[in-house]
Amino acid sequence: MGLRRSGKSSIQKVVFQKMSPNETLFLESTNKIVKEDISNSSFVQFQIWDFPGQIDFLDPSFDSDMIFGGCGALVFVIDAQDDYMDALNKLHLTVTKAYKVNQNVKFEVFIHKVDGLTEDSKMETQRDIHQRANDDLTDSGCEQIHLSFHLTSIYDHSIFEAFSKVVQKLIPQLPALENLLNIMISNSAIEKAFLFDVVSKIYIATDSSPVDMQSYELCCDMIDVVIDVSGIYGLQEEPEAPAFDNQSSSLIKLNNGTILYLREVNRFLAFVCILREDNFDRQGVIDYNFLCFREAIQQVFVNSIQPNEMACNGETSAASSKTEPT
Amino acid sequence: MSAVIALCHFCDQHGPSVLINTRVQYGTDSSKETSSALTTSTTTCCACEMSSKFVSVDEKTQANYISCRMPYHLPRLSSWLQHVCVRSLSCEVNPCLFSERENCCLSLSFSVRDAMARGFYRWFSIVITMRDLALLSGLWQFLHRFVNTVIKIIQERALQVYNLEKPFRFNNPPQSRSLSSLTRYNYIFAQIHTWFSWLLRAQTRYYTECIPRSPYYHAQPDIALDGDIRSLQSFLGPDSFKRLVLGLLEGKQIILRGDNLNAVESAVKTLKTLVPEKCCKDTINAEEYLVPEISNLLGVGTQVAVPQPTVGIIRVDILQGNCHLRTLEQESSRYPTYANELLKAVENRTLNNKVLNYHIAALKKEWTNISKLVDRVPVENSSALLLALGVQDQDRQLIKFWSRSLKSVCTS
Ligand SMILES: Nc1nc2c(ncn2[C@@H]2O[C@H](COP(=O)(O)OP(=O)(O)OP(=O)(O)O)[C@@H](O)[C@H]2O)c(=O)[nH]1
Ligand SMILES: [Mg+2]
């Protein structure tokens, strides 16, 4: 949600439909709620609803239960290049209403279009919006509502980063995945590892070392390379076949002595990591560790086809991460 | 309010808003309105602006066809139009027919090329609203064909303009503009007024809307879909429902009399499922009162005179959405086993409607068989059998009625 022209449809198109950022200049204004199913094309299973900015959905003639009742995360987009006072008002109204209907909604505020801002004014804008939004909540006695803020732009990877964080909050198995990645990197001398949803290029988990934007971008670009190359040269007999399959893997050596290594986990997921070239002399160990890792991931998600058994996933994953051999 | 036609658009600044609407008003005195309507319609957005007002008069029928942006002096109509406008432009199906409260609406949305709009498209819709859903859907074909013609004309004009402007479209930032500049046709709204007036006139010439309603009318709740026992129960209220079911099972005559024939009919159909087919001679919408031998479950309109409730007759009056059960039967302390089980099942919310229906069918079968069996056995030998079948004193009336009805049809 968000005011008109704040960039909601652009975000959806760029992240989930691979539209190039420049093409978003020619997007129509959205006149109805556009629902997109992410479930059949990627690993993460959810729907994205793109709301028209001009229509007031808080109006009592709309069924707020239908809108917020089944909602996992509410992404509110604020245009940072514009005056954002109206947007903040709307944010406040939306958030309080949604919270009334459904207390489990995660509130994510995208401070969007920051590509036009200098580094200083980015920080200043985020601080200001953060301050005002939280003041508004405190003033109306809603301190318990928690808002997360992200600086985003469709012209770089920040939008993918932000969306990754949003989606991660909706994945109940996240701690188990992070744990697995931690074990994996510490036993394979890897610097940084991501678990990517290939189609959307959002990462659904990473190890617990801090994410550096550049390494994330490198990994994103690597996925693009793999998909493009396999799309052109792979599997010409079956034009319909997906470019990414269980044979996919790739190794890129950079001239600064680091290596990018990609392996397929399953049809939707890729493991991408960055490591130093010296540490790659024992590739056998890394590959063996990866096989164990993949095995463990499969166990974590063995029940995800039956969402009502989600509860027992926690246990499965804990067990599998302990048995991880190195 | 009779039929009203409106053209709506999705403004990039303001969202859905009405551009022009046309309605009929009978009588000669339309001058007063003319002035009042004009003064209140002020908007600064050039896409939403439509400051003219058009009136065409049909001398013969004294009908005034009036078009303006919003009839602000008729607040109910205005808010309804605004509501319809939002719905029609944000609806996922097209064309779409919907009804809400006492009004209904046919909406067709369409896009129009515009070199100055975001995405180079603009969304419009034409909505036709009236009170009578049956009439509106009956006119569907005619309206649909006509509206499509109008849509095509607007789209084609806009496309021509778009093709002229296309070379410059990337240079200018998006900006909103009026329909007349979009089609390069200054009289577009006058043209639309004549189209819409013609349509209203054509439509009223052939059909007129006539909804007889008492001044005390208030909206009737939607009731009982066929076969849905729970909605019937909540419509009648649990107590009346209980007594009605009991009467029906024990062979009393049930008369449902009401001003809403749909409600009466669906109540009859629902009740009918509770007893074996042969125990129920139902009549819907009877012309006159029928004696119990001919019909023991009778649905009639309010124009039919029926007897007051007596010992053998239970009456339910459904008037203006309220219903009222009238009976002289004493409330008995013990109900037949079948009735008890039935009512218990209806109360039991863990059974969904489908399961409930199966459950009732099974119970019904069980008691049909018991009734048949009991009837075959001479009274003097029956006490052991009755005990074995679980038949108690309070079941006797039901069994007597059921076995008699089941037999009478078998022999005839
Ligand atoms: N500079 C910059 N422009 C952006 C960014 N994201 C979107 N835009 C531009 O913002 C404009 C509006 O984007 P939309 O996605 O159509 O806006 P919206 O929020 O969907 O608007 P409504 O559908 O009217 O509610 C487009 O011209 C985009 O190109 C961004 O990150 N940076
Ligand atoms: Mg949009």
Item to check | Cβ-Cβ under 7 Å pairs, at least 6 apart or on other chains, the range B:12-33 side within 14 Å of chain A (Cβ to nearest Cβ) and surrounded by 15 or more Cβ atoms within 10 Å (Cβ to Cβ), far side at pLDDT 85 or above and in a strand (DSSP E or B) | outcome: B:P16/B:C8; B:P16/B:F10; B:S17/B:C8; B:S17/B:H9; B:S17/B:C11
Next on the checklist: Any residue that is on the phi > 0 side of the Ramachandran plot, charged (D, E, K, R) and within 16 Å of ligand 1 (Cβ to nearest atom) - is there at least one of those in the range A:71-83?
Outcome noted: no
Next on the checklist: Step by step: first the residues of the range A:1-36, then only those that are touching a helix residue (DSSP H, G or I) at 6+ places or on another chain (Cβ under 6 Å) and hydroxyl-bearing (S, T, Y), then the one that is nearest to the other protein chains (Cβ to nearest Cβ). Which residue is that?
Outcome noted: A:S29
Checklist entry - Is the range A:49-59 home to any residue that is within 13 Å of another protein chain (Cβ to nearest Cβ), among the polar types (S, T, N, Q) and over 25 Å from B:Y121 (Cβ atoms)? => result no
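One line per residue, one yes/no per condition, for (1) more than 17 Å from B:E250 (Cβ to Cβ); (2) aliphatic (A, V, I, L, M); (3) open to solvent by 90 Å² or more (accessible area, probe 1.4 Å):
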{"site": "B:V355", "(1), (2), (3)": "yes, yes, no"}
{"site": "B:K364", "(1), (2), (3)": "no, no, no"}
{"site": "B:W367", "(1), (2), (3)": "no, no, no"}
{"site": "B:I370", "(1), (2), (3)": "no, yes, no"}
{"site": "B:V374", "(1), (2), (3)": "no, yes, no"}
{"site": "B:A384", "(1), (2), (3)": "yes, yes, no"}
{"site": "B:L389", "(1), (2), (3)": "yes, yes, no"}
{"site": "B:D393", "(1), (2), (3)": "no, no, yes"}
Checklist entry - How many of the residues making up the range A:44-90 are within 16 Å of ligand 2 (Cβ to nearest atom) and acidic (D, E)? => result 4
Checklist entry - Hey, among B:L363, B:L385, which residue is of a type in the set (A, V, I, L, M) and in contact with a Phe, Trp or Tyr (Cβ under 7 Å, 6 or more places away or on another chain)? => result B:L363
Next on the checklist: Given the condition of a type in the set (K, R) and within 16 Å of ligand 1 (Cβ to nearest atom), answer yes or no: does some residue in the range A:96-110 qualify?
Outcome noted: no
Checklist entry - Could you list, in sequence order, the residues of the range B:231-287 that are of a type in the set (S, T, N, Q), under 23 Å from B:Q330 (Cα atoms) and either crowded, with 18+ Cβ neighbours inside 10 Å or assigned by the TED database to the domain that holds B:F401 (or both)? => result B:Q233, B:S240, B:Q253
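Would you pick out the residues in the range B:107-135 that are hydrophobic (A, V, I, L, M, F, W, C), away from chain A (no Cβ under 14 Å) and in contact (Cβ under 8 Å) with a residue 40 or more places away in the chain?
Let us first name the residues in the range B:107-135 that are hydrophobic (A, V, I, L, M, F, W, C), namely B:108, B:110, B:112, B:115-117, B:120, B:123-124, B:126-128, B:130, B:133-135.
Remaining after also requiring away from chain A (no Cβ under 14 Å): B:108, B:126-128, B:130, B:133-135.
Hits for the range B:107-135 are B:L108, B:I126, B:V127, B:I128, B:M130, B:L135.
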Item to check | Elements of type helices (runs of 4 or more DSSP H) contained in the range B:317-412, each with 1 or more residues being of a type in the set (V, I, T) and modelled with pLDDT of 85 or more | outcome: B:337-347, B:353-376, B:396-411
Checklist entry - Within the range A:1-20, how many residues are over 18 Å from A:F57 (Cβ atoms) and more than 7 Å from ligand 1 (Cβ to nearest atom)? => result 8
Checklist entry - If you go through the range B:41-100 one residue at a time, how many are open to solvent by 70 Å² or more (accessible area, probe 1.4 Å) and within 14 Å of chain A (Cβ to nearest Cβ)? => result 5
Checklist entry - Within the bounds of the range B:143-158, is there any residue that is open to solvent by 20 Å² or more (accessible area, probe 1.4 Å) and within 14 Å of chain A (Cβ to nearest Cβ)? => result no
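The values are calculated or read from the model by the stated rules, or taken from the named source; none is laboratory data. Note that this is a predicted model, so its numbers are computed, not measured. In this analysis, Cβ positions are derived from the backbone assuming ideal geometry, glycine residues included, and neighbour counts consider all displayed protein chains. For accessibility, only protein heavy atoms count, side chains too; no ligands or nucleic acids. Shrake-Rupley method; radii C 1.70, N 1.55, O 1.52, S 1.80 Å.
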